[in-house]
Amino acid sequence: MTAFEDIADTQRIAQVIVETIREPLLILHSDFRILVATASFHKLFDLQPDQTNDCNILDLDNGAWNFPELRQLLERTLIEQIATENFEFARTFPRVGLHVLLVNTRLVEYANTDRTTIFLSFDDITERRAIELEKEQLQERTHDLLQQREMLLREMEHRVINSLQIIASILMLKAKAVSSPETRHHLEDAHRRVMSIAAVQEHLHALSHADTVEIGPYLTKLCQSLGNSIIAEDSRITLNVVADTGAGQSSDA
(Lines give C-alpha, C1' and ligand atoms only; values in the text may rest on other atoms or scores of the structure.)
Protein backbone atom coordinates (compact mmCIF):
# COMPACT_ATOMS: atom_id res chain seq x y z
CA MET A 1 0.00 0.00 0.00
CA THR A 2 1.40 3.37 -0.99
CA ALA A 3 1.44 6.45 1.19
CA PHE A 4 -1.10 8.02 -1.16
CA GLU A 5 -3.49 5.11 -0.73
CA ASP A 6 -3.00 5.24 3.02
CA ILE A 7 -3.86 8.96 3.13
CA ALA A 8 -6.85 8.44 0.85
CA ASP A 9 -8.16 5.63 3.04
CA THR A 10 -7.72 7.76 6.12
CA GLN A 11 -9.64 10.62 4.51
CA ARG A 12 -12.44 8.28 3.48
CA ILE A 13 -12.67 6.85 6.99
CA ALA A 14 -12.73 10.37 8.46
CA GLN A 15 -15.46 11.37 6.03
CA VAL A 16 -17.58 8.34 6.96
CA ILE A 17 -17.15 9.12 10.65
CA VAL A 18 -18.20 12.71 10.11
CA GLU A 19 -21.22 11.68 8.06
CA THR A 20 -22.44 9.30 10.75
CA ILE A 21 -22.21 11.85 13.60
CA ARG A 22 -25.71 12.89 14.58
CA GLU A 23 -24.71 16.01 16.50
CA PRO A 24 -24.12 19.28 14.63
CA LEU A 25 -20.35 19.56 14.15
CA LEU A 26 -17.98 21.95 12.40
CA ILE A 27 -14.28 21.54 11.68
CA LEU A 28 -12.53 24.83 10.95
CA HIS A 29 -9.18 25.78 9.54
CA SER A 30 -7.05 28.05 11.71
CA ASP A 31 -8.37 31.03 9.73
CA PHE A 32 -11.93 29.95 10.67
CA ARG A 33 -12.83 28.63 7.22
CA ILE A 34 -15.17 25.65 7.37
CA LEU A 35 -13.42 22.43 6.44
CA VAL A 36 -16.22 20.03 7.36
CA ALA A 37 -19.87 20.54 8.34
CA THR A 38 -22.05 17.58 9.28
CA ALA A 39 -25.46 16.94 7.77
CA SER A 40 -27.07 17.58 11.15
CA PHE A 41 -25.48 21.05 11.20
CA HIS A 42 -26.94 21.81 7.77
CA LYS A 43 -30.34 20.52 8.86
CA LEU A 44 -30.38 22.45 12.13
CA PHE A 45 -29.63 25.79 10.49
CA ASP A 46 -31.36 25.12 7.14
CA LEU A 47 -28.14 25.39 5.11
CA GLN A 48 -26.77 23.57 2.07
CA PRO A 49 -23.28 22.04 1.81
CA ASP A 50 -22.22 24.52 -0.88
CA GLN A 51 -23.05 27.36 1.53
CA THR A 52 -20.68 26.06 4.20
CA ASN A 53 -17.85 24.57 2.16
CA ASP A 54 -14.67 26.67 2.62
CA CYS A 55 -16.77 29.56 3.97
CA ASN A 56 -15.44 31.56 6.89
CA ILE A 57 -17.81 30.89 9.76
CA LEU A 58 -17.97 34.60 10.52
CA ASP A 59 -19.32 35.18 6.98
CA LEU A 60 -21.72 32.23 7.10
CA ASP A 61 -25.39 32.93 6.36
CA ASN A 62 -24.75 36.61 5.55
CA GLY A 63 -22.82 37.23 8.76
CA ALA A 64 -25.34 35.64 11.11
CA TRP A 65 -22.47 33.92 12.93
CA ASN A 66 -20.35 37.04 13.27
CA PHE A 67 -20.92 38.12 16.87
CA PRO A 68 -18.47 38.92 19.70
CA GLU A 69 -19.08 35.84 21.85
CA LEU A 70 -18.25 33.43 19.04
CA ARG A 71 -15.24 35.42 17.84
CA GLN A 72 -13.78 35.50 21.34
CA LEU A 73 -14.45 31.78 21.77
CA LEU A 74 -12.63 30.89 18.55
CA GLU A 75 -9.69 33.19 19.29
CA ARG A 76 -9.29 31.81 22.80
CA THR A 77 -9.41 28.25 21.48
CA LEU A 78 -6.81 29.00 18.79
CA ILE A 79 -4.42 31.31 20.61
CA GLU A 80 -4.65 30.11 24.20
CA GLN A 81 -5.36 26.51 23.16
CA ILE A 82 -8.11 26.20 25.74
CA ALA A 83 -10.84 23.63 25.29
CA THR A 84 -14.34 24.92 26.03
CA GLU A 85 -17.17 22.93 27.58
CA ASN A 86 -20.84 23.92 27.33
CA PHE A 87 -20.37 27.53 26.28
CA GLU A 88 -23.96 28.79 26.04
CA PHE A 89 -25.25 31.52 23.79
CA ALA A 90 -28.60 32.51 22.32
CA ARG A 91 -28.77 33.82 18.78
CA THR A 92 -31.52 34.61 16.29
CA PHE A 93 -30.62 33.19 12.90
CA PRO A 94 -32.34 34.54 9.77
CA ARG A 95 -33.45 31.12 8.53
CA VAL A 96 -34.44 29.28 11.71
CA GLY A 97 -35.08 31.99 14.29
CA LEU A 98 -33.93 31.94 17.91
CA HIS A 99 -31.72 29.08 19.02
CA VAL A 100 -30.03 28.49 22.36
CA LEU A 101 -26.84 26.50 21.88
CA LEU A 102 -24.17 24.83 23.98
CA VAL A 103 -20.82 24.80 22.19
CA ASN A 104 -17.79 22.63 22.88
CA THR A 105 -14.45 23.44 21.23
CA ARG A 106 -11.23 21.48 20.74
CA LEU A 107 -8.00 22.47 19.03
CA VAL A 108 -6.32 19.71 17.02
CA GLU A 109 -2.64 19.96 16.11
CA TYR A 110 -0.96 17.64 13.61
CA ALA A 111 2.50 16.10 13.83
CA ASN A 112 5.31 17.39 11.61
CA THR A 113 3.23 20.38 10.53
CA ASP A 114 2.08 23.71 11.88
CA ARG A 115 -1.47 23.07 10.61
CA THR A 116 -4.26 23.18 13.19
CA THR A 117 -8.00 22.74 13.07
CA ILE A 118 -10.76 23.68 15.46
CA PHE A 119 -13.60 21.29 16.26
CA LEU A 120 -16.93 22.82 17.27
CA SER A 121 -19.80 20.65 18.43
CA PHE A 122 -23.25 22.06 19.11
CA ASP A 123 -26.03 21.00 21.45
CA ASP A 124 -29.36 22.65 20.67
CA ILE A 125 -31.07 23.33 24.03
CA THR A 126 -33.68 25.77 22.73
CA GLU A 127 -36.62 23.57 23.69
CA ARG A 128 -35.11 22.76 27.09
CA ARG A 129 -34.63 26.44 27.93
CA ALA A 130 -38.17 27.21 26.75
CA ILE A 131 -39.55 24.51 29.07
CA GLU A 132 -37.43 25.79 31.96
CA LEU A 133 -38.66 29.34 31.35
CA GLU A 134 -42.27 28.17 31.18
CA LYS A 135 -41.78 26.20 34.40
CA GLU A 136 -40.23 29.22 36.13
CA GLN A 137 -43.09 31.46 35.00
CA LEU A 138 -45.61 28.85 36.18
CA GLN A 139 -43.92 28.66 39.58
CA GLU A 140 -43.98 32.45 39.88
CA ARG A 141 -47.64 32.50 38.88
CA THR A 142 -48.44 29.74 41.39
CA HIS A 143 -46.59 31.65 44.10
CA ASP A 144 -48.56 34.82 43.30
CA LEU A 145 -51.86 32.90 43.37
CA LEU A 146 -50.98 31.31 46.72
CA GLN A 147 -50.15 34.71 48.15
CA GLN A 148 -53.46 36.09 46.86
CA ARG A 149 -55.29 33.10 48.33
CA GLU A 150 -53.59 33.62 51.68
CA MET A 151 -54.46 37.32 51.66
CA LEU A 152 -58.10 36.62 50.77
CA LEU A 153 -58.33 33.92 53.44
CA ARG A 154 -57.01 36.25 56.12
CA GLU A 155 -59.36 38.98 54.98
CA MET A 156 -62.30 36.56 55.15
CA GLU A 157 -61.28 35.42 58.64
CA HIS A 158 -61.01 39.04 59.75
CA ARG A 159 -64.45 39.81 58.37
CA VAL A 160 -65.94 36.75 60.10
CA ILE A 161 -64.52 37.90 63.44
CA ASN A 162 -65.85 41.43 62.92
CA SER A 163 -69.25 40.11 61.93
CA LEU A 164 -69.46 37.89 65.03
CA GLN A 165 -68.48 40.80 67.25
CA ILE A 166 -71.10 43.02 65.63
CA ILE A 167 -73.77 40.34 66.17
CA ALA A 168 -72.67 39.98 69.80
CA SER A 169 -72.89 43.76 70.32
CA ILE A 170 -76.39 43.84 68.85
CA LEU A 171 -77.47 40.99 71.14
CA MET A 172 -76.11 42.86 74.17
CA LEU A 173 -77.90 46.04 73.17
CA LYS A 174 -81.13 44.09 72.79
CA ALA A 175 -80.61 42.43 76.18
CA LYS A 176 -80.24 45.83 77.87
CA ALA A 177 -83.30 47.19 76.12
CA VAL A 178 -85.80 44.43 77.03
CA SER A 179 -87.72 44.40 80.31
CA SER A 180 -88.34 40.65 80.55
CA PRO A 181 -85.70 38.90 82.70
CA GLU A 182 -86.18 35.64 80.82
CA THR A 183 -85.72 37.31 77.44
CA ARG A 184 -82.71 39.19 78.76
CA HIS A 185 -81.21 35.90 80.00
CA HIS A 186 -81.64 34.26 76.60
CA LEU A 187 -80.13 37.26 74.82
CA GLU A 188 -77.17 37.36 77.19
CA ASP A 189 -76.68 33.61 76.73
CA ALA A 190 -76.72 34.07 72.94
CA HIS A 191 -74.25 36.93 73.36
CA ARG A 192 -71.84 34.70 75.29
CA ARG A 193 -72.08 31.95 72.68
CA VAL A 194 -71.36 34.31 69.81
CA MET A 195 -68.44 35.87 71.69
CA SER A 196 -67.07 32.39 72.41
CA ILE A 197 -67.11 31.51 68.73
CA ALA A 198 -65.50 34.87 67.91
CA ALA A 199 -62.77 34.26 70.52
CA VAL A 200 -61.87 30.86 69.04
CA GLN A 201 -61.92 32.30 65.53
CA GLU A 202 -59.69 35.19 66.58
CA HIS A 203 -57.24 32.75 68.19
CA LEU A 204 -57.02 30.71 64.99
CA HIS A 205 -56.66 33.87 62.93
CA ALA A 206 -53.70 34.96 65.05
CA LEU A 207 -52.06 31.58 64.46
CA SER A 208 -52.87 31.33 60.75
CA HIS A 209 -49.46 32.66 59.71
CA ALA A 210 -47.62 30.05 61.78
CA ASP A 211 -46.43 26.73 60.38
CA THR A 212 -47.59 24.86 63.50
CA VAL A 213 -50.29 25.44 66.10
CA GLU A 214 -49.63 24.74 69.79
CA ILE A 215 -52.44 22.40 70.67
CA GLY A 216 -52.42 23.15 74.41
CA PRO A 217 -53.30 26.87 74.24
CA TYR A 218 -55.74 26.23 71.40
CA LEU A 219 -57.68 23.51 73.26
CA THR A 220 -57.67 25.59 76.44
CA LYS A 221 -59.20 28.52 74.58
CA LEU A 222 -61.70 26.25 72.90
CA CYS A 223 -62.79 24.68 76.23
CA GLN A 224 -63.15 28.10 77.80
CA SER A 225 -65.32 29.20 74.92
CA LEU A 226 -67.42 26.04 75.05
CA GLY A 227 -67.85 26.45 78.77
CA ASN A 228 -68.97 30.04 78.39
CA SER A 229 -71.46 29.10 75.72
CA ILE A 230 -73.16 26.02 77.19
CA ILE A 231 -72.69 26.09 80.98
CA ALA A 232 -74.89 28.22 83.19
CA GLU A 233 -73.26 30.77 85.46
CA ASP A 234 -74.38 28.95 88.63
CA SER A 235 -72.79 25.67 87.52
CA ARG A 236 -69.05 25.88 88.09
CA ILE A 237 -66.87 23.06 86.75
CA THR A 238 -63.27 22.72 85.71
CA LEU A 239 -62.22 21.69 82.18
CA ASN A 240 -58.69 20.27 82.25
CA VAL A 241 -56.65 20.27 79.02
CA VAL A 242 -53.69 17.91 78.77
CA ALA A 243 -51.44 18.59 75.77
CA ASP A 244 -49.13 16.06 74.17
CA THR A 245 -46.28 17.25 76.41
CA GLY A 246 -48.17 15.94 79.44
CA ALA A 247 -48.43 19.38 81.01
CA GLY A 248 -51.90 20.19 82.19
CA GLN A 249 -53.63 23.51 81.67
CA SER A 250 -56.91 24.11 83.41
CA SER A 251 -59.59 26.73 83.26
CA ASP A 252 -62.68 27.40 85.28
CA ALA A 253 -66.01 27.67 83.47
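Once the other residues with Cβ under 10 Å from the Cβ of ALA175 are scored (Lys, Arg +1; Asp, Glu -1), what is the net sum? Provide the component values of the computation, followed by the final result.
On the way: positive: LYS174, LYS176, ARG184; negative: GLU188, ASP189.
In short, +1.
At q = 0.30, 0.32 Å⁻¹, work out log10 I(q)/I(0) for segment 145-190 with the Debye formula, treating every Cα as an identical point scatterer and leaving solvent out; two decimals please.
After summing over all Cα pairs, the log10 values are -0.94, -1.00.
Net charge near GLU140, counting Lys/Arg +1 and Asp/Glu -1 over other residues with Cβ under 14 Å of its Cβ?
Numbers: positive: LYS135, ARG141; negative: GLU132, GLU134, GLU136, ASP144.
Every neighbour counted, the sum reads -2.
Please find the FRET efficiency linking LYS43 to ARG141, where r is the Cβ-Cβ separation and R0 is fixed at 41 Å, and quote it to the nearest 0.05. Mind showing how you got there, number by number?
On the way: r = 36 Å, r/R0 = 0.87.
It comes to 0.70.
Ranked by accessible surface with a 1.4 Å probe, highest first, in what order do SER163, SER121 come? Each step should come with its number before you reach the end.
On the way: SER163 60, SER121 35 Å².
Result, largest first: SER163, SER121.
Computed FRET efficiency, Cβ-Cβ of ARG129 and LEU204, R0 51 Å: what is it to the nearest 0.05? Could the numbers behind the result be given before it?
On the way: r = 45 Å, r/R0 = 0.87.
Working from the Cβ atoms, E equals 0.70.
Quick query: amide H of PHE93 versus all other amide H atoms, modeled in the peptide plane; which residues come in under 5 Å with a sequence gap of 5 or more or a different chain?
Amide H to amide H, under 5 Å and 5 or more residues apart or across chains, PHE93 pairs with LEU98, HIS99.
Tell me which residues come under 5 Å, amide H to amide H, from LEU35 once H is placed; ignore anything under 5 positions away on its chain.
ILE27, LEU28, HIS29
The values are calculated or read from the model by the stated rules, or taken from the named source; none is laboratory data. Everything quoted here is computed from the prediction, not taken from an experiment. A quick note on method: Cβ atoms are made from the backbone with ideal geometry, for glycine too, and the neighbour counts reach across all protein chains shown. SASA here: full protein model, heavy atoms, side chains in, ligands and nucleic acids out. Shrake-Rupley method; radii C 1.70, N 1.55, O 1.52, S 1.80 Å.
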